[in-house]
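Please read the structure below before turning to the comments.
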Amino acid sequence: MNKKVLRTLEYHKIIDLLVRHANCDAAKKRCKNLIPMTDLEEITSAQRQTGDALNRIFKKGNLSFLGVHDITASMKRLEIGAALGLEELLRLASLLEVAKRAKTFSRNDREDVSRDSLDLLFDGIEPLTPLLNEIRRCIISSDEISDEASSNLKSIRRSIKGMQDRIHAQINNLLNSASASGYLQDNIVTMRNGRYCLPVKAEHKNQVSGMVHDQSSTGSTLFIEPLAIVNLNNELKELSLKEQEEIEKILADLSNQVSEYIPYILENYRILVELDFIFAKALLAKDYNGVAPVFNTEGRIRIRKGRHPLLSPKKVIPIDIHLGTDFDLLIITGPNTGGKTVSLKTVGLFTLMGQAGLHISANDNSELSVFTDVFADIGDEQSIEQNLSTFSSHMTNIVSILEHVSERSLVLFDELCAGTDPTEGAALAISILSQLHSRGIRTMATTHYSEIKVYAISTEGVENACCEFDMETLSPTYRLLIGIPGKSNAFAISKKLGLSDSIIEDAKSQITENEENFEDLIARLEDSRVTIEKEQLEISSYKAEIESLKRKLEEKQKRLDNSREKILQQANEEAHKILSEAKEFADLSIRNFQKYGTVQADNKTMEGERAKLRKKMGEVEKKMTGPKIQKSNTNAPKKLRIGDSVKVLSMNLKGTVHTLPDAKGNLFVQMGILRSQVNLKDLVLLPDDTNINEKKFQKTSAGKIKMSKSASISTEIKLLGMTVDEALNELDKYLDDAYLAHLSSVRIVHGKGTGALRNAVHAYLRKAKYVKNYRLAEFGEGDAGVTIAEFK
């Protein structure tokens with residue numbers, strides 16, 4: 001891969017961003033030296049590693065590699081028998097801590113998580129936790145060894161502390177003496193050459209016995225070690241030497257322990273540097289929402305919603321580009337600052353990034369091809385030193401490209417053969433592009449030459465593209481449209497910038513008719529494209545709306561089906577529950593009545609059982625039937641005569657009018673032996689030839705029995721010789737029939753006896769809702785053995 005194109009396409013700026021995400025120096029160096037690869041297997045492996053690292057970051061967060069130091073030189077010193085210093089051991093401990101952190105990061109909490117390409121690297125890490133703990137136990141900082149590093153060191157430091165205390169006590173005695181204040185420069189203790197001294201005035205040096213170790217810069221002060229503490233200082237010096245000797249032993253022992261793990265430590269360093277480099281690529285991809293491109297070796301490029309990674313994500317317009325399937329040469333035209341150069345750089349930079357193992361800022365399933373080289377002639381390379389004009393510098397670069405290009409190269413031209421005579425420049429450009437096209441080399445070029453647009457239209461395997469320009473606002477939209485040639489829109493832009501209409505009209509007159517017709521054709525194509533695109537957007541919107549309505553309807557139908565099944569299930573369950581409760585209550589009542597039949601029970605208890613049974617039956621009937629919906633009668637008769645045949649809707653019975661309706665519409669109707677007051681709204685007038693009596697007895701056998709009972713009901717019932725239970729049962733049935741037959745009153749013959757039956761009958765009558773009142777019969781009506789009951 002030629003190095004010039006890396007700078008032309010600003011690949012070095014991507015590398016600068018990548019370096020910022022690396023932590024250790026070795027990983028930063030790997031990032032700086034990263035160049036595109038040309039082997040498909042290596043590219044695929046690098047992309048897979050970047051993707052797996054990105055997945056781990058999304059799942060677990062970032063893994064920090066701060067603390068990875070280059071320990072190769074220290075390991076080489078160990079191999080030749082040298083001991084490591086405090087700084088080297090601390091850097092090694094820092095490396096092992098990162099290794100431990102990385103090992104913990106790599107563990108999967110779930111067993112069903114599949115392995116990825118980074119597992120082998122993580123598996124190769126050996127944290128060496130015992131060695132790390134030993135180093136941290138012995139070394140506190142870069143200039144301090146812990147007292148717990150060895151028992152001997154702890155003992156020596158205890159002796160040093162005791163000796164220092166003795167020296168301080170001796171010196172304090174000297175300082176506190178009456179004569180000391182006269183010959184001391186300051187009432188302090190100082191250290192010189194590791195020995196405790198007193199600052200003595202130069203003129204009083206003979207008054208202090210001891211050794212002179214130093215003097216001040218002016219010579220007025222001498223630092224004298226008093227003779228009284230010379231031996232103590234000597235002992236302190238000896239202890240300090242022993243301490244240093246013990247520290248060297250501890251460091252040597254730690255170095256020996258480290259030397260046993262040199263291969264593991266070097267492997268940890270290598271793996272951590274590699275992981276730091278891989279995770280830096282993943283973090284860079286995370287910054288611009290990058291994805292792994294799909295690579296091929298057929299020269300096929302298909303970028304979906306590509307965004308130049310160096311442009312602001314909020315401002316950049318995504319572009320769709322494809323090359324190498326239906327055509328191998330793409331000509332991009334359009335106005336300046338419309339996005340033509342950005343489109344070129346995006347394709348070239350994506351190719352370099354992808355082949356370097358970096359993700360690209362595009363949508364999923366974007367495709368790139370593996371090229372052995374990428375060539376680009378972009379930008380102004382005018383050189384004053386080499387006496388080259390813009391055209392000459394570009395042509396020099398083009399010549400070099402044509403000499404080194406191959407069938408597996410990608411070539412990018414920006415404003416091909418511009419800067420010279422348009423006719424000659426267009427001819428040269430067409431010839432260069434034709435040569436590349438004949439060799440099947442993937443090429444993209446931007447131009448303003450109309451001749452090249454015509455060449456793209458008339459040549460197979462060559463396609464036009466343009467950067468969209470909004471004629472209403474006279475500004476580019478930066479969208480790349482493949483298949484449509486673009487206009488430079490020089491006249492429109494010039495007019496917007498204030499150029500007079502006369503100049504613009506004169507300029508238009510200079511254009512040949514063919515050129516003008518071609519530009520008009522392009523304009524009409526652009527207008528048609530905009531119209532079609534708007535219609536497609538409307539169609540897409542309608543389709544989306546139809547799909548949404550269809551989905552909502554299906555969801556609604558599904559909910560209705562589910563609700564219907566649920567309602568039926570609940571209804572069945574409720575019905576089963578009601579029937580079960582009714583059966584249980586009926587069984588209980590039967591058992592109670594059987595018990596009362598064998599055991600003597602009072603009337604009150606029996607009546608209570610009947611009441612509970614009737615109440616329960618009413619509740620069951622209420623649950624089993626829904627609320628009745630009253631239907632309005634549209635056939636109510638407006639005029640009636642006595643004797644007219646009618647049907648009472650609420651009773652579903654036929655009868656004859658007995659009285660004319662009053663002001664409220666109420667009247668009496670005779671239905672067999674039943675005479676009832678009804679309203680006109682509840683009646684339907686029947687034809688005159690309807691035979692009520694005949695129809696009435698053409699019912700079911702159950703209906704015949706009921707009507708026969710009503711017709712033959714007596715005004716008197718005899719309960720003599722019955723038990724209370726039997727008598728009340730007969731009385732209940734009789735009173736129902738008598739009330740339906742509209743009898744005004746009845747005679748209940750119960751006899752005198754002990755009065756138990758009479759009391760039971762009276763108790764029952766008090767609770768009967770349709771009994772208006774009751775009394776004992778008077779003399780001549782049966783006296784106390786008969787009760788007269790009147791209905792409401």
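Computed values, structure above
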{"item": "Inter-centroid distance (Cα atoms) of region 743-784 relative to region 553-581, Å", "result": "52 Å"}
{"item": "Region 49-187: radius of gyration over Cα atoms, expressed as a fraction of 2.2 N^0.38 Å", "result": "1.80"}
{"item": "Segment Arg551-Lys205, extension gain: residue separation times 0.36 nm, minus the distance between their alpha carbons", "result": "113.8 nm"}
{"item": "Stretchable slack from Ser142 to Phe105, in nm (0.36 nm times residue separation minus alpha-carbon distance)", "result": "10.5 nm"}
{"item": "Rounded Å value of the spacing that divides the Cα centres of region 128-170 and region 333-373", "result": "62 Å"}
{"item": "Neighbourhood net charge (10 Å Cβ-Cβ; Lys/Arg +1, Asp/Glu -1) for Phe65", "result": "0"}
{"item": "Sparse-neighbourhood loop sites, chymotrypsin sites (Phe, Trp or Tyr not before Pro) in region 754-792 - DSSP loop, at most 13 other Cβ within 10 angstrom", "result": "Tyr770, Phe779"}
{"item": "Values of log10 I(q)/I(0), in the order q = 0.23, 0.25 Å⁻¹, for region 385-465 under a Debye, Cα-only, solvent-free model", "result": "-1.18, -1.34"}
{"item": "GluC sites (Glu not before Pro) lying in DSSP loop within region 201-299, provided at most 12 other Cβ fall within 10 Å", "result": "Glu260, Glu298"}
{"item": "Net charge, Val258 excluded, C-beta distance under 12 Å - Lys, Arg +1, Asp, Glu -1", "result": "-3"}
{"item": "Average accessible area per residue (Å²) across region 95-167 - probe 1.4 Å, nucleic acids and ligands excluded", "result": "57 Å²"}
{"item": "Amide N proximity, region 120-142 versus Gln257 label position 7 Å along Cα-to-Cβ, cut-off under 12 Å", "result": "129-139"}
{"item": "Rule-of-thumb Rg ratio for region 1-96 [Cα; 2.2 N^0.38 Å; N residues]", "result": "1.43"}
{"item": "Under 13 Å, Cβ to Cβ, from Ala544 - net charge with Lys/Arg +1 and Asp/Glu -1", "result": "+1"}
{"item": "Dimensionless Rg/Rh of region 231-377 - Kirkwood Rh, Rg from C-alpha atoms", "result": "1.44"}
{"item": "Distance from region 220-264 to region 643-688 (C-alpha centre basis), Å", "result": "130 Å"}
{"item": "Equivalent ellipsoid, region 43-124 (semi-axes from 5 times Cα gyration tensor eigenvalues, Å)", "result": "32, 14, 11"}
{"item": "Spacing of the two label points (7 Å from each Cα toward its C-beta) at Asn176 and His12, in nm", "result": "7.4 nm"}
{"item": "Global form of region 275-324, assessed from the alpha-carbon gyration tensor, a/c cut-off 1.5", "result": "oblate"}
{"item": "Long-range tail of P(r) for region 232-295 (Cα pairs > 15 Å, %)", "result": "73 percent"}
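The values are calculated or read from the model by the stated rules, or taken from the named source; none is laboratory data. Everything numeric here is computed off the predicted structure, so don't read it as measured data. Virtual Cβ from ideal backbone geometry, glycine too; neighbours counted across all protein chains shown. Keep in mind that these areas ignore ligands, DNA and RNA; they rest on the heavy atoms of the full protein, side chains included. Shrake-Rupley method; radii C 1.70, N 1.55, O 1.52, S 1.80 Å.
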